[in-house]
Amino acid sequence: MQKLLIICGPTATGKTQMALECAQKYNGELLSADSRQIYRGMDIGTGKDISHNFKLQISNVKWERENISYFTDGLIKIWGLDIVNPDEEFSVSHFREFSKIVIEDIWSRKKLPIIVGGTGLYIRSLLEPLSDIPIPKNESLRNSLEHFDAVSLQKKLVEIDEKRFLAMNES
């Protein structure tokens with residue numbers, strides 16, 4: 001059985017520092033599970049608190065026809081930072097696909113993947129299958145629904161699938 005360590009919680013609680021310590025102790029590598037740190041050039045306000053000792057490197061691992069980059073201080077790798085530009089689409093489906101490739105690579109080198117971040121849906125997508133993750137965006141449906149307010153959308157969902165509506169949270 002392959003092992004995976006998950007360190008999650010709110011911003012600015014010391015997750016990255018704890019993960020780095022665990023990586024040293026347990027021969028691990030970090031994978032960021034943060035929905036904002038994936039964007040290049042958005043360092044302020046996203047909690048990218050990696051030391052200036054970490055430098056960007058390009059791996060031999062490919063995702064979507066490109067080699068994946070990571071940050072390293074020469075000992076520990078941090079994956080999942082600066083994956084896409086801010087104007088590029090990146091969803092939980094992309095995160096899951098990207099992460100599965102990275103995790104397999106880490107395991108293949110007999111290291112411990114340490115998932116660190118605060119985006120619960122990203123972490124959940126790695127632990128349990130979410131059946132609707134790979135559903136592609138439907139622009140015409142979005143356009144037809146964009147004029148509805150939240151209450152109207154909720155009423156529409158009750159008509160279509162009341163059970164689904166009742167299973168949703170308030171947000």
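Per-structure values
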read-out: Of the trypsin sites (Lys or Arg not before Pro) in segment 1-71, those whose Cβ has at most 12 other Cβ within 10 Å and which sit in DSSP loop; value: 3, 65
read-out: Most positive-pole-ward Cα, 83, 106, 93, against dipole of segment 74-117 from beta carbon charges; value: 106
read-out: Rg ratio (alpha-carbon, reference 2.2 N^0.38 Å) - segment 9-122; value: 0.98
read-out: Members of 55/137; 3/55; 15/100; 15/62 lying beyond 25 Å, as alpha-carbon distances in this model show; value: 55/137; 3/55; 15/62
read-out: With 10 Å bins from 0: P(r) over segment 1-46, alpha-carbon pairs, percent; value: 23, 50, 24, 3
read-out: Selection of chymotrypsin sites (Phe, Trp or Tyr not before Pro), segment 80-171, meeting DSSP coil and at most 16 other Cβ within 10 Å; value: 90, 148
read-out: Integer Hz, Karplus 6.51/-1.76/1.60 couplings in order for segment 65-70, x for Gly and Pro; value: 6, 10, 6, 7, 9, 8
read-out: Trypsin sites (Lys or Arg not before Pro) within segment 87-170, DSSP loop, no more than 10 other Cβ atoms inside 10 Å; value: 109, 110, 137
read-out: More than 22 angstrom apart: percent of Cα pairs within segment 91-171; value: 46 percent
read-out: Per residue accessible area of the chain, 1.4 Å probe, in Å²; value: 66 Å²
read-out: Charged-residue dipole, Cβ positions (Lys, Arg, Asp, Glu), the chain about Cα centre, Debye nearest 20; value: 660 debye
read-out: Choice from 60, 138, 27 with maximal GNM fluctuation in the chain (Cα, 10 Å cutoff); value: 138
read-out: Eligible aspartates and glutamates near residue 111 by straight Cα distance, threshold 13 Å, same-chain separation 8 or greater; value: 29
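The values are calculated or read from the model by the stated rules, or taken from the named source; none is laboratory data. Just so you know, these numbers come straight off a predicted model, no measurement behind them. Cβ sites come from the backbone with ideal geometry, for glycine too, and all protein chains shown count toward neighbours. Quick note on the areas: whole protein, heavy atoms, side chains included, nothing else; ligands and nucleic acids left out. Shrake-Rupley method; radii C 1.70, N 1.55, O 1.52, S 1.80 Å.
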